[in-house]
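To start, the structure under review is shown below, and the notes come after it.
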Amino acid sequence: MFMLHCVSYICRSFLCIIGGILTGVLGCTGFQGFIGFVAVYLSLALSIGVKFNFDFMSYMHCSLTSFLFTDLQKNGLSFILFWTLTYALIYIY
């Protein structure tokens, strides 16, 4: 059970970083970047949910809402960090 939680955390962190880089490369600013984060985060949650057959209690001992909101702030900050870094390196400098 703990291993699945760790793998889920690593996947979310990594894909939020990749999503932030992609959003920065595409030149999204403001609300477009927020939409990019929501799209990345929900698509990842949906793909993990499909893999678990949406039965999170059997695999991770948490509900759907707990699964969606776990580490949301950490992943959001990673997304914003890499989004702004990539945008600044490409479009400002």
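Would you point out the residue of the stretch 8-46, among those that are open to solvent by 80 Å² or more (accessible area, probe 1.4 Å) and under 14 Å from the mean Cα position of the chain (by Cα), that is farthest from Leu77 (Cα to Cα)? Among those residues, the one meeting the criterion is Leu46.
The residue of the stretch 47-80 that is modelled with the highest pLDDT, among those that are open to solvent by 100 Å² or more (accessible area, probe 1.4 Å), assigned to a helix (DSSP H, G or I) and not basic (Lys, Arg), is Leu77.
The values are calculated or read from the model by the stated rules, or taken from the named source; none is laboratory data. These numbers come from a predicted model, not from an experiment. Each accessible area value is taken on the protein alone, full model and side chains, heavy atoms only, with ligands, DNA and RNA left out. Shrake-Rupley method; radii C 1.70, N 1.55, O 1.52, S 1.80 Å.
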